[in-house]
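Each reported figure results from applying straightforward, stated rules to the coordinates on display, with no laboratory input. Everything quoted here is computed from the prediction, not taken from an experiment. Don't worry about glycine lacking a Cβ; one is built from the backbone with ideal geometry, like all the others, and counts go over all protein chains shown.
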Amino acid sequence: MKFLDHTDLDRAAAFMRLNGRLIDRRRFALHFRGGPAAPVLAALRAYENPDGGYGHALEPDLRGEGSQPVPAQHALEFLHEAGADGDPAVTRIGDYLASITAADGGVPFVLPTVRDAPHAPWWQTPDDPPGSINPTATLAGLLYRAGAGHPWLGPATDFCWRHVENAETEPGAYDVLAILAFLDHVPDRGRAEAAFTRLHDALAANAHSDHQSPLDFVPHPGGYGRRLFTGDVIDAELDALIEAQGDDGGWDVEFPIWTPITRPEWRGFVTVERLRTLRAHGRLKP
């Protein structure tokens, strides 16, 4: 069994100083250097728009200024990391989501305004996009985790249950992530357990892609994702993750890089995420 030691963490710190975005450097300091939460929140504010949503490349593959659903997901994650689930920004995110919700109760994967700014080629949408389980389920799960009682959660939760309980197609890898986030945090725990039990095999069969490993579905050992994999698989993946730290101290990404700036931006984000995963699974030496 492998562990990351202080020297490895120092190498990661050097990588972050050289390559990370400000918000990811602040997150690294918060999680691994005892830094305060306020600088994380201050950095996040720069990405917020007057409509309560987020843009400005908070999601590195969406380079536009305008708000999109997935960056709101990142914002909720960062607010939670900073211990700011009660921040007014959480309510503003709910307001934003309500303003873009489709008639079926879900939010689209991406809005047509994506065409107005540079973006990765896989961010495509029709003119009138329907709600999508990804990211609706993730956003609902994160709002529940934050203790939010926003009215948006009512129709969004109904949308998610309809999808989870009546889906006729196999979920893609990102759909699996979204469903897991929803089931991990939705208040009806009995219904969540029943849904997970029923979907277990389909989720397990699709919890992978050409750029996602089991640990992307099990960033910490406490969620439903952990029940998709054996302990031997997780231990082997954690060993491999430690070995994957680059000579420069950071972790790389496996998905396509369509414009040069996104690699360092993604690598800074991913490096913080990999370190958080290793710590959550007890692989950082105290």
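Please report the base-10 log of the normalised intensity I(q)/I(0) for the stretch 1-158, using a Debye sum with one equal scatterer per alpha carbon and no solvent, at each q in 0.09, 0.13, 0.20, 0.21 (1/Å). These q points yield log10 I(q)/I(0) values of -0.33, -0.65, -1.23, -1.30. Ignoring solvent entirely, what values of log10 I(q)/I(0) come out of the Debye formula for the stretch 94-150 at 0.12, 0.21 Å⁻¹ when each Cα is a single scatterer? Log10 I(q)/I(0), no solvent term: -0.31, -0.83. Counted by Cβ distance under 12 Å from residue 249, the other residues give a net charge of -1, where Lys and Arg count +1 and Asp and Glu count -1. Per residue, the convex hull spanned by the Cα atoms of the stretch 90-197 amounts to 112 cubic angstrom.
Once the mean 1/r over all distinct Cα pairs of the stretch 155-273 is inverted, what Kirkwood radius in angstroms do you read off?
Values: mean 1/r = 0.0629 Å⁻¹.
When all Cα pairs of the stretch 155-273 are included, the Kirkwood radius is 15.9 Å.
Listed from fewest to most Cβ neighbours within 10 Å, the set 9, 18, 228, 139 follows the order 18, 9, 228, 139.
Cβ crowding within 10 Å ranks 109, 3 as 3, 109, fewest other Cβ atoms first. Couplings 3J(HN,Hα) of the stretch 167-175, computed from phi: 4, 10, 10, 5, x, x, 4, 6, 5 Hz, in residue order, whole Hz [Karplus 6.51 cos²θ - 1.76 cosθ + 1.60, θ = phi - 60°; x for Gly and Pro]. Can you find, among 66, 241, 44, the residue sitting farthest towards the positive end of the charge dipole of the chain, where Lys and Arg contribute +1 and Asp and Glu -1 at Cβ? Going by the charge dipole, the pick is 44. When the chain is treated as a Gaussian network with alpha carbon springs shorter than 10 Å, the biggest mean-square fluctuation among 140, 14, 207 belongs to 14.
Scanning the chain for GluC sites (Glu not before Pro) in DSSP loops with at most 15 other Cβ atoms within 10 Å, what's the longest stretch left with none?
Details: sites that count: 65, 168, 254.
Counting only loop sites that pass the neighbour cut-off, the longest clear stretch is 66-167.
Given 37 °C and 0.692 mPa s, compute D for the stretch 1-69 with the Stokes-Einstein relation, Rh being the Kirkwood radius over Cα pairs; round to the nearest whole µm²/s.
Working: Rh = 13.6 Å.
The calculation lands on 241 µm²/s.
Excluding the site residues themselves, the longest part of the chain lacking any trypsin sites (Lys or Arg not before Pro) in a DSSP loop with at most 13 other Cβ atoms within 10 Å is 34-286.
The value given for the chain is a Kirkwood hydrodynamic radius of 19.5 Å, derived from the mean inverse Cα-Cα separation. Here the Debye sum runs over all C-alpha atoms of the stretch 32-112 as equal scatterers in vacuum, and log10 of I(q)/I(0) at q = 0.17, 0.24 Å⁻¹ comes out as -0.65, -1.16.
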